[in-house]
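> One structure is given below, represented as structure tokens, and several questions about it will come after.
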Amino acid sequence: MKFHKKYIPLLLGLAIAGGIFIGSKLNFTDTNEKIFATNSKKDKLNRLIDYIDYEYVDQVNTDSIVDVTVNGILENLDPHSVYIPVDDYEDSANEMRGNFVGIGVSFYPYRDSIAVIRAIEGGPASVAGIKGGDRILYADGVKLFGEGIDRDSISNYLKGEKNSKVELKVYRKNEDEIITLNVRRADVPLISIDASYMVNDEVGYIKINRFSETTYDEFDEALDDLRDQGVKSLIVDLRGNPGGYIGVTEEIVDEFLKDDKLVLITRNKAGEEQKTFATKKGSFEDNKVYVLINENSASASEILAGALQDNDRGVIVGRRSFGKGLVQREMALGDGSAVRLTIARYYTPTGRSIQRPYGNGNGDYYKDYQERYDNGELLSVDSIQVADSLKFVTPKGKVVYGGGGIIPDVFVPKDTSVESETLQYVSRSGFMNYFIFEYLENEDHRKQFDGMNFKAFSENYEVPQSLSEEFIEYARFNEAQIDLTGNYAERLKKALKANIAEQLYGPNEFEFILNQDDAMIQKVLELEYPIEQDQE
């Protein structure tokens, strides 16, 4: 039988489709070499997973194998290409989005119930009347107390669709009654501005903990508020800030740079460059700005510091930053997981890359802090290792270096004493926060703050010696077994006061208290108000 040549493509297509169907019904008996020789690298991985799924002698969770495989691939690329599993994706997305839908409370699973630490001001729970110390017993009739309560499952009952209602039954200890509250879920902000306040009549302070979708709006609002209070010079605190969205960072940089100043250069695999320039919208272009950085300031934090430094704008204060000059893009993998893949390098306006070398693997890459500690860099600017081949010059002739982080204009050494590092850890790790939570559980302790605003608390409240001694015993005999019997005294009381402030008033007040006598902020004030030398 002969076929007209116009039907040949159709017949070939039907033959291929039939072959695929028949092949799917057959057992594979070819050797691995023969199969893999005729398939791409992608088919090779797919085929291996299928073999394990259908032929391997034991039951295996191939999802976990895929996760391990993906992580293994990414670890061979660079330290900042990372896999985000399905279970972690929502929290990661919320953090970068800057909000989630819920009722807006911070809480501890305490003993056998959910204890509210604080209802977020202006959030749904606060509006409904939930207070610190309340116990949430039921959500829509579901019991949330008793043995085996899990923080994640609790959160799932409190979160939900936007504008949906949840009926909460709440026990209020000081009133000894159970009350019913209907709370309408709404967007709850995940604040990226930890603190914003006036250090004195002229110097303002803003601390940014990451660069999320909402950070520029938060920053703009904070700066407006400080401007209303008469701010003339601004401290931007980026210590410990791991980075975030580049576009958001560029918007903040734009507030400080004159029109058409170069902000950032990115270069992809093909060598294509993209340059970002400042626009006309800057609102703080003529005022002094100081940027605080340390060894944990990374990525977008370094973009901000580098853009100002390379444009001879402001003063960078602190210690050499982390050294991340790679750009990631988040890409969905189709099953609810995602990968953040490095797709470009970035360069500061003078053209320098501040990415640290990572050719020796992730293990060595993340030992950098220990190396800085060992070589004395955390204590002396003279110990920072620089290469003349990576020297760059700003428009006004200032020498800056690439090759591994932003070197500050003004160096402030780290207090590496055991006492200082231990106290810093317990102050911010949640360990002390939990102790203070238990302290405020005592109604007699909480009552002393009734009707006391933060100004009165800051100026008049003194941590009693008995509370310091109680915390020292708590730290020593807790599972952590932390010895706080050294030379702490006033610094310990300040840390306890800051943690009380956080639970009573919020994170802004926590930073305000803890920053009193902060070495970097004090250095800024010295620069802002230099003491004139006596003339002979």
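The values are calculated or read from the model by the stated rules, or taken from the named source; none is laboratory data. This is a predicted model, so every value here is computed, not measured. Cβ atoms come from the backbone with ideal geometry, glycine included; neighbour counts cover every protein chain shown.
> Given the criteria touching a Lys or Arg at 6+ places or on another chain (Cβ under 7 Å), closer than 24 Å to T249 by Cα, of a type in the set (G, A, S) and assigned by TED's automatic domain parsing to the domain that holds E285, does G404 qualify? Lay out the reasoning, then the answer.
Working: touching a Lys or Arg at 6+ places or on another chain (Cβ under 7 Å): yes; closer than 24 Å to T249 by Cα: yes; of a type in the set (G, A, S): yes; assigned by TED's automatic domain parsing to the domain that holds E285: yes.
Criteria met by G404.
> Another question, if that's okay. Is there a residue in the range 389-403 that is assigned to a strand (DSSP E or B) and closer than 19 Å to S297 by Cβ?
yes
> Do any helices (runs of 4 or more DSSP H) lying entirely in the range 77-172 carry at least 2 residues that are among the small types (G, A, S) and under 25 Å from R210 (Cα atoms), and which ones are they?
86-97
To keep it simple, each residue is scored yes or no on (1) assigned by TED's automatic domain parsing to the domain that holds Y369; (2) within 22 Å of K391 (Cα to Cα); (3) of a type in the set (A, V, I, L, M, F, W, C).
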{"position": "I303", "(1), (2), (3)": "yes, yes, yes"}
{"position": "V315", "(1), (2), (3)": "yes, yes, yes"}
{"position": "R340", "(1), (2), (3)": "yes, no, no"}
{"position": "Y346", "(1), (2), (3)": "yes, yes, no"}
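> A further question on this structure: What are the residues in the range 355-404 that are closer than 19 Å to I265 by Cα and surrounded by 15 or more Cβ atoms within 10 Å (Cβ to Cβ), if any?
If the condition is that a residue be closer than 19 Å to I265 by Cα and surrounded by 15 or more Cβ atoms within 10 Å (Cβ to Cβ), then Q355, R356, F392, T394, V400, Y401, G402, G403, G404 are the ones that fit.
> Continuing with this model, one more query. How many residues does the range 130-150 contain that are exposed (fewer than 11 other Cβ atoms within 10 Å of the Cβ) and either modelled with pLDDT under 85 or under 28 Å from the mean Cα position of the chain (by Cα) (or both)?
Counting residues in the range 130-150 that are exposed (fewer than 11 other Cβ atoms within 10 Å of the Cβ) and either modelled with pLDDT under 85 or under 28 Å from the mean Cα position of the chain (by Cα) (or both) gives 4.
> Then there's this: Tell me which residues, restricted to the range 58-76, are touching a helix residue (DSSP H, G or I) at 6+ places or on another chain (Cβ under 7 Å) and either part of a strand (DSSP E or B) or among the aliphatic types (A, V, I, L, M) (or both).
Answer for the range 58-76, where residues must be touching a helix residue (DSSP H, G or I) at 6+ places or on another chain (Cβ under 7 Å) and either part of a strand (DSSP E or B) or among the aliphatic types (A, V, I, L, M) (or both): V60, I65, V66.
> Let me ask something else about it. Can you pull out every residue in the range 228-240 that is closer than 30 Å to Y369 by Cβ and in a loop (DSSP other than H, G, I, E, B)?
Correct list: L238, R239, G240.
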